[in-house]
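One structure is given here, and the rest of the page talks about it.
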Amino acid sequence: MSPARAKAAKAAPGTGKRPRAAAVAATPGAISLLEAVPFACAAYARDDGALVAANTRFGEEFAALPEHGQRDRLLALLRDGALDEAEPAEVRAPHSGRWYALHWGEAEHDGRALALLTAIDISERIEALDSHKSQQEKLLFTSRMMSVGEMAATLAHELNQPLAAIVNYLNGSLRLVDQAGGPAQVERALQAARTQAEHAAAVISRVREFVRAREPRRDAQDVHAMAATVLELLRLEAERQQLRIDIALSASLPPVYADRVMVEQVLLNLVKNAIEAMRGIPVAQRELRVEGRVNLDGEVEIRVCDRGTGLSSAEQDQLFSPFFTTKNDGLGIGLAICRSIIEYHKGRLFFEPREGGGSVFGFTLPHYEAGGG
């Protein structure tokens, strides 16, 4: 007996015998014919939809459902309210989780019109298709990521030298401004530009390490410092979009066990997505909030909350799938890579709708002591 059938048998009340669907006003000959069918089979009256007869296999697989005795109730449960019998339907039984192909036929017994239901267990086929689809997606993802890796290596090599030159020019300009007693605004602008260039150089350095498959460097990191770096990088973008960013990080957040640049890239991506999600809403409603706390599992949880248009149910189902994107110019690898980074850190990346409208994207990280520091 399959695990699903064994589960259904255990669920049946009584003496522990296999559950068997009731046979109502059917001759032994009719029942024996149904028993000869190698699949779950049942006959329902056309006039009132009542179960007339069923074979043992039908009892094993469906008698645990209280709705099995009435055709319309059973179909409403299995087919989510759709009662059309014209085409075969593939359905998932809610009590066992197994998949069935439903086929209908016409019959007559003792002058009574019957509808014959045959339910063929196709769980193995569905599982094989899902496995094949998953393997295809992984192959596609691997292929594209190899291409991305090759491009990243080339870009890292080509950009490293110009960035180093930019940092040197900025350092020289800062020395000249300092010597000449130049305006403070110019000095701040040069310092901000140097910070951006140094961050870009650090990102490129990490890209090169990824390509060479080196182990990322994890250590105790201050969440407040990482958030400050990211928000400084996006400050001009936030000003252009005329939105405010509220910081609500708990003052008692412990250090996290993380690679700083990798986690900053995750947070940077989530905040950028949040900013972009609010481009189409009125300026007065644009609100971005970055929250941080220790959750009930003892993990440090960072949440990025926006007031954008939110996501549909279909988009939520595919949100972290490789190459799925809601942007016209997106590649669909941002969130997938973010999830890989967070899972590498033994955390989790999640989404939930925001109360009052918008979205919440968040991730968890182990604190330094729990992470191995």
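The values are calculated or read from the model by the stated rules, or taken from the named source; none is laboratory data. All values derive from a computational prediction rather than experimental measurement. Cβ atoms come from the backbone with ideal geometry, glycine included; neighbour counts cover every protein chain shown. Only protein heavy atoms, including side chains, enter the accessible area calculation; ligands, DNA and RNA are left aside. Shrake-Rupley method; radii C 1.70, N 1.55, O 1.52, S 1.80 Å.
If you scan region 305-324, which residues turn out to be in contact with a strand residue (DSSP E or B) (Cβ under 8 Å, 6 or more places away or on another chain), at pLDDT 70 or above and open to solvent by 40 Å² or more (accessible area, probe 1.4 Å)?
Passing the criteria: Arg307, Leu311.
Matching residues to (1) at pLDDT below 80; (2) open to solvent by 40 Å² or more (accessible area, probe 1.4 Å):
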residue	(1), (2)
Met1	yes, yes
Gly16	yes, yes
Ala22	yes, yes
Tyr44	no, no
Asp48	no, yes
Val52	no, no
Phe62	no, no
Arg79	yes, yes
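The conditions are (1) open to solvent by 70 Å² or more (accessible area, probe 1.4 Å); (2) at pLDDT 85 or above; (3) out of contact with any strand residue (DSSP E or B) (no Cβ under 9 Å at 6 or more places or on another chain), and Trp99 fails exactly one of them. Which is it?
Of the numbered conditions (1) open to solvent by 70 Å² or more (accessible area, probe 1.4 Å); (2) at pLDDT 85 or above; (3) out of contact with any strand residue (DSSP E or B) (no Cβ under 9 Å at 6 or more places or on another chain), the odd one out for Trp99 is (3).
Kindly indicate whether Glu209 is farther than 18 Å from Cys305 by Cα and modelled with pLDDT under 85.
yes
If you take the residues in region 325-353 that are crowded, with 19+ Cβ neighbours inside 10 Å and of a type outside the set (A, V, I, L, M, F, W, C), which one is modelled with the lowest pLDDT?
Arg339
Among the residues of region 170-196, write down those that are more than 14 Å from Glu232 (Cα to Cα) and hydroxyl-bearing (Ser, Thr, Tyr).
Ser173
Inside region 360-371, can you point out the residues that are modelled with pLDDT under 90 and either open to solvent by 60 Å² or more (accessible area, probe 1.4 Å) or touching a Cys at 6+ places or on another chain (Cβ under 8 Å) (or both)?
Tyr368, Glu369, Ala370
Of Ile302, Ile275, which residue is open to solvent by less than 40 Å² (accessible area, probe 1.4 Å), under 16 Å from Ala228 (Cβ atoms) and touching a strand residue (DSSP E or B) at 6+ places or on another chain (Cβ under 8 Å)?
Ile302
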